[in-house]
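K.L.:
I have a structure I would like to understand better, so I am pasting it below and will then ask my questions one at a time.
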Amino acid sequence: QVQLVESGGGLVQAGGSLRLSCAASTRTSSFVFMSWFRQAPGKEREFVAAIRRTGAATYYAYYTDSVKGRATISRDNANNIMYLRMDSLKPEDTAVYHCAASSSGLSDYRRQGEYAYWGQGTQVTVSS
C-alpha cells in the first residue's frame with residue numbers, strides 16, 4: 001500500500017515563504033506524476049502544481065496561474081520526498097495542501113480524480 005504524508009505547513013505572514021514536503025512510503029521514482037492540490041474553506045479542491053517524469057532522470061513542472069512565479073515543485077527520489085516551495089504568500093493561499101501521485105501518465109493532471117494516491121493534507125494559513 002502507498003502512503004503519502006505531508007508536512008511543513010503553518011502560519012505565515014503575507015509575503016513570507018513555506019516549503020511543504022510529501023514523504024512517500026514507496027519509491028517516488030515509480031511515480032510518473034506527483035502533484036499538489038489545495039482546498040480552502042467552502043471551496044473545492046484545486047490543482048496547484050505537478051512534476052512529471054519525462055525520462056529516467058528528467059522531469060517537467062506545471063503550475064496553476066495563481067502560483068506561477070511564486071512556487072517551485074521538486075522531487076528528491078533518493079529520500080522519496082516531493083517538495084513545494086511557495087514564496088510571496090498571499091492570504092488567498094490559505095488552504096489545506098494535499099499531495100497526490102500517479103504511477104502512470106495522466107490525460108489531465110489538473111483533475112484530482114486522475115490520481116490514485118493522496119495524503120491527508122497540511123494546513124497553510126497566510127495572515128494579512
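K.L.:
Failed condition for Q1, given (1) in contact (Cβ under 8 Å) with a residue 60 or more places away in the chain; (2) surrounded by fewer than 13 Cβ atoms within 10 Å (Cβ to Cβ), with all others met?
P.N.:
Of (1) in contact (Cβ under 8 Å) with a residue 60 or more places away in the chain; (2) surrounded by fewer than 13 Cβ atoms within 10 Å (Cβ to Cβ), only one is false for Q1: (1).
K.L.:
Report yes if some residue within the range 42-49 is open to solvent by less than 70 Å² (accessible area, probe 1.4 Å) and more than 18 Å from Y97 (Cβ to Cβ); otherwise report no.
P.N.:
no
K.L.:
When the range 6-31 is examined, which residues are found to be surrounded by 15 or more Cβ atoms within 10 Å (Cβ to Cβ) and assigned to a strand (DSSP E or B)?
P.N.:
Selection gives E6, V12, L18, L20, S21, C22, A23, A24.
K.L.:
Check off (1) in contact with a strand residue (DSSP E or B) (Cβ under 7 Å, 6 or more places away or on another chain); (2) under 16 Å from T125 (Cα atoms); (3) without any contact (Cβ under 8 Å) to a residue 60 or more places away in the chain; (4) not polar (S, T, N, Q) for R52 and give me the number that stays unchecked.
P.N.:
(2)
K.L.:
Let me ask something else about it. For S88, are the conditions met, namely being without any contact (Cβ under 8 Å) to a residue 40 or more places away in the chain, out of contact with any Cys (no Cβ under 6 Å at 6 or more places or on another chain) and not hydrophobic (A, V, I, L, M, F, W, C)?
P.N.:
no
K.L.:
Continuing with this model, one more query. Looking at (1) closer than 22 Å to S7 by Cβ; (2) surrounded by 14 or more Cβ atoms within 10 Å (Cβ to Cβ), find the lone condition where Q123 falls short.
P.N.:
(2)
K.L.:
Here's something else I'd like to know. Filter the range 70-95 down to residues that are in contact with an Asp or Glu (Cβ under 9 Å, 6 or more places away or on another chain) and surrounded by fewer than 18 Cβ atoms within 10 Å (Cβ to Cβ), then give me how many there are.
P.N.:
The qualifying residues number 2.
The values are calculated or read from the model by the stated rules, or taken from the named source; none is laboratory data. Since this is a predicted model, take the numbers as computed values, not measurements. Ideal geometry is used to build each Cβ from the backbone, glycine not excepted, and the neighbour counts take in all protein chains shown. Keep in mind that these areas ignore ligands, DNA and RNA; they rest on the heavy atoms of the full protein, side chains included. Shrake-Rupley method; radii C 1.70, N 1.55, O 1.52, S 1.80 Å.
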